[in-house]
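Working notes, beginning with the structure itself.
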Amino acid sequence: MEKRKKFRKLLEKKKKEKREEEEEELKKLKREADVRKYINRKRGKKIYKENNIKEWRKYFKELLAALKWIKIKHSRTLVL
């Protein structure tokens with residue numbers, strides 16, 4: 001249990017540090033165009049993650065369908 005708490009605290013600390021670094025970087029930007037570029041870079045990563053999740057869901061659905069088909073095939077051969 002203590003390891004889990006330490007790990008959570010470490011994750012929270014890293015998230016906080018990353019957020020602070022991003023804030024500092026945004027404060028350093030002087031032009032609106034630079035801010036938009038920064039924001040768009042972050043948005044691009046999120047879109048990639050969403051697409052990746054969709055691909056994984058599709059993969060696992062196909063895998064489950066194949067497993068169900070194999071199970072049905074084997075159950076038919078065992079019954080006969």
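The values are calculated or read from the model by the stated rules, or taken from the named source; none is laboratory data. Note that the structure is a prediction, hence the values are computed from the model and not measured. So basically every Cβ, Gly included, is an ideal-geometry build from the backbone, and we count neighbours across all protein chains shown.
When segment 28-62 is limited to residues that are surrounded by fewer than 10 Cβ atoms within 10 Å (Cβ to Cβ) and not in a helix (DSSP H, G or I), the one that is modelled with the lowest pLDDT turns out to be 30. Has segment 63-80 got at least one residue that is charged (D, E, K, R), surrounded by fewer than 10 Cβ atoms within 10 Å (Cβ to Cβ) and modelled with pLDDT of 80 or more? So far as segment 63-80 goes, no, none of its residues is charged (D, E, K, R), surrounded by fewer than 10 Cβ atoms within 10 Å (Cβ to Cβ) and modelled with pLDDT of 80 or more.
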